[in-house]
1. I'm told E166 meets every condition in (1) farther than 30 Å from L364 by Cβ; (2) modelled with pLDDT under 80; (3) more than 23 Å from the chain's Cα centre (by Cα); (4) open to solvent by less than 60 Å² (accessible area, probe 1.4 Å) except one. Can you identify the failing condition by its number?
2. Being acidic (D, E) and at pLDDT 80 or above is the filter here; which residues of region 694-753 pass it?
3. How many residues, within region 609-654, are under 30 Å from K592 (Cα atoms), outside any helix (DSSP H, G or I) and either of a type outside the set (S, T, Y) or touching a Pro at 6+ places or on another chain (Cβ under 6 Å) (or both)?
4. Kindly indicate which of I600, I547 is open to solvent by less than 60 Å² (accessible area, probe 1.4 Å), outside any loop (DSSP other than H, G, I, E, B), closer than 30 Å to F747 by Cβ and at pLDDT 80 or above.
5. Please indicate, with yes or no, whether at least one residue in region 674-689 is more than 28 Å from the chain's Cα centre (by Cα), modelled with pLDDT under 85 and small (G, A, S).
6. Identify, from the list S242, S252, the residue that is modelled with pLDDT of 85 or more and open to solvent by less than 20 Å² (accessible area, probe 1.4 Å).
7. Restricting the first residue to region 679-692 and requiring it to be at positive phi, which pairs with a second residue that is buried (at least 19 other Cβ atoms within 10 Å of the Cβ) meet a Cβ separation below 9 Å and a spacing of at least six or different chains?
Amino acid sequence: MRAPKTNKTKQKSSSMLSKYKHYFLQTFFHQSSDDHSQLAQSSFTPKLFIYSLKNLSIKRKLSIGFGTLVILTFSIVGFNYFGSTQARISIKRTESLRVPTVVSSGNAQANLLRMLSSLHGYLATGKSEFRDQYQLSRQNFEKDLIQLIALAEQPSSVENQKQLNELHTIYQDWSGLPEQLFILKDNVLVNQPALRLYEQEGKLLISGILQELDQMQEEQQQQYTSTTNTNLILSMAEFESSFTLMVAALQSYITTTNSTFRYEYSAQQRNNQTAWEVLELNQDLFTENQQKNFQSIADSREQLNFLKQKIFEAVENERYREDLYLFKTEVEPLASEMLDLLDNIVTEQQRLLTTELSAGHQSLILGQWKALGVGIITLILAIVMASFLRRTIAFPIQRLTNVTTRIMEGNFEVKAKVESQDEVGTLASTFNQMTAYLKQSHEELEHYNTTLEQRVEQRTQEIKDKNLELEDTLHQLKKTQAQLIQTEKMSSLGQLVAGVAHEINNPVNFIHANIYHLHQYTLDLLDLLQLYQQELTHPSSAIETKIEEIELEFLREDLPQILHSMQTGTQRISKIIISLRNFSRLDESEMKWVDLHAGIDNTLMMLQRKLKSAAKRPEIKVIKDYDDLPQIECYAGQLNQVFLSLISNAIEALNESDVPEPILTIHTQYLTQNSRIQIQIQDNGKGIDPTIKNKVFDPFFTTKPVGQGIGLGLSISYSIIQKHQGDLQCFSEWGKGTTFQVEIPIFQTSKLS
């Protein structure tokens, strides 16, 4: 379409020039019929031409001179018009094709990235809103693709059309993959081969082993009580305990793929193997039924060991989850190809846009140079004509020539003085009209040049703004993805911990409840034994031998201590189970409006004893930097648990440091811009080792010695703050102290669950 418009414009201009040429030739040869005949019969020579000019009237001389100038002037205007026309064509193509194509390609890239993010978010969390976001992004992407295809039907590069066809083909192949991912995500057994092996084969073997072992224990407990019988029961219990822990570690490793559970499984497997070897050594003490049970357990253990290798291979294989494998191997590569094609389209359109703008710019420059050349020619002809007319016309024509020269120099404000109504006056009036037209044309050209530069700058700025917007969108998507991964991690660990706590709680409660009675029964039996010794002053030699063999006096002293240790251990396990429950479920009381400062002060009062001076440090100085805070809507008991955990950690950090003046600073602030409360608990201890800083909120992670902590305090605190729609962060610099920062909204926008 570009060439036909140009040719049409040239034809129109050529027609106008022909009319002016015809007019001036007709004016030049406007003579009598005899003169026409004489000119027709005479040969055309320079002398004849000069003679004809000398014999012309003033009107005709001026008509010839100014007619020539008008033709050249229109040539200047024509060259500038052609240049500006080409520039307008380039700008129009930029507005109607190039910029919409670049914008649509950028929108398609953004929507494709949103589709990928929504897919990944759904695979990570399983939340339906990510699936809805994917459908919305997919619809927008398809609209952008339709718009790109429609734009490609206009004159464009062949390469872009090929890339769009390839993009459309790849998208048709890609569009069916997300539905496969949704199906895999919704069917856990199909999605995870390792879990399928465990559910279909592993649970049956584990259940069989435990049932056979229960039968052996029941039969063993029914036999006569003896040291050998007791040792066998203990060996069976040790095997059952290590086997249960080994199975729990295996299930945890399948569920989370965390290598820590793999190491825990290996450790428990070694313990279980040791217990099994003890049972094998005492195999000859088993009854016939126990021998059958023992052999059945051995066969099941061998099958389970073989199945365990298959499960580990499935877990450690890159296809541990079929949906993630499909997403990584097919969805992402195809999406990357589509993004590359869209980048190529944007690059090609930007190149064409730059080329067309450069062509428009060159067209303007070429028009200006042509106009300058024609202007120089016009100036030369004007000087020659002025010199000729000056010799043949009176002084008024001289003044008119001076005015013409000033106009040629670019001063369009001057006017020729009309001194008479003759041909000179008519010529002066015509010159004034021509000057006004030239001035208007010049102003229009300047306006076109200024408008063109402004529009080019405007389009360039729009493209830059769009690129910045895309970069910001990508940054927000990455940030959202990281938050979703952390949320899913805490949710999965909470479910795992809840299951472990539930499974351990019942047997531990049974043991803990019966240890007290066992302790009382043991004391009664020992008292009875002592009474027997007092009454039976002369026991038989067999009784005395047995007393020496079992070391009765040592047994009397050690047995109560053993029972007391067992009771202490079960109490410790109960506390751990309570912490596990708090971590997984966080038992809640009624939500109400509370004063945070009162909760912090109550916590400090509870910990007042720990703040006092100790053997290795002076008294901890507490600095309260309280802001004027409004009451907030929350579960007061849970937030007090958070304050207790954070302040206790700060006190323990100060106990381990050797600062001469330990200081605990509590800073509160009301963030009015987002209606949130900020609490900072800061100590000036030695800080947190940078190598473990990222693990402080992980469950069961602790730097305390065994028996002094189980690593759930900060994990529970993190869960509580998250459930209050807040944020808990840790800032620490090695050697300069640690700050825990809590931010909680004043109003809970939805009911906490």
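The values are calculated or read from the model by the stated rules, or taken from the named source; none is laboratory data. Keep in mind that this is a model prediction, so the values were computed, not measured. Note that each Cβ is placed from the backbone with ideal geometry, even for glycine, and that neighbours are counted across all protein chains shown. Accessible surface is based on the protein model in full, side chains and every heavy atom, while ligands, DNA and RNA are left aside. Shrake-Rupley method; radii C 1.70, N 1.55, O 1.52, S 1.80 Å.
1. So the condition that E166 fails would be (4).
2. Restricting attention to region 694-753, the residues satisfying the condition of being acidic (D, E) are 698, 727, 733, 743.
Residues satisfying the conditions are D727, E733, E743.
3. Residues in region 609-654 being under 30 Å from K592 (Cα atoms), outside any helix (DSSP H, G or I) and either of a type outside the set (S, T, Y) or touching a Pro at 6+ places or on another chain (Cβ under 6 Å) (or both): 12 in total.
4. Working: I547 fails: closer than 30 Å to F747 by Cβ.
When all the criteria are applied, what remains is I600.
5. So far as region 674-689 goes, no, none of its residues is more than 28 Å from the chain's Cα centre (by Cα), modelled with pLDDT under 85 and small (G, A, S).
6. Values: S252 fails: modelled with pLDDT of 85 or more.
Residue meeting the stated conditions: S242.
7. Going by the 9 Å Cβ cut-off, the qualifying pairs are G687/A653; G687/S732; G687/G737; G687/T738.
For every residue, the table says whether it meets (1) modelled with pLDDT of 75 or more; (2) of a type in the set (D, E); (3) closer than 20 Å to L116 by Cα; (4) surrounded by 15 or more Cβ atoms within 10 Å (Cβ to Cβ).
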{"site": "F286", "(1), (2), (3), (4)": "yes, no, no, yes"}
{"site": "L304", "(1), (2), (3), (4)": "yes, no, no, yes"}
{"site": "Q309", "(1), (2), (3), (4)": "yes, no, no, no"}
{"site": "L326", "(1), (2), (3), (4)": "no, no, yes, yes"}
{"site": "E330", "(1), (2), (3), (4)": "no, yes, yes, yes"}
{"site": "L353", "(1), (2), (3), (4)": "no, no, no, yes"}
{"site": "I365", "(1), (2), (3), (4)": "yes, no, no, no"}
{"site": "I380", "(1), (2), (3), (4)": "yes, no, no, no"}
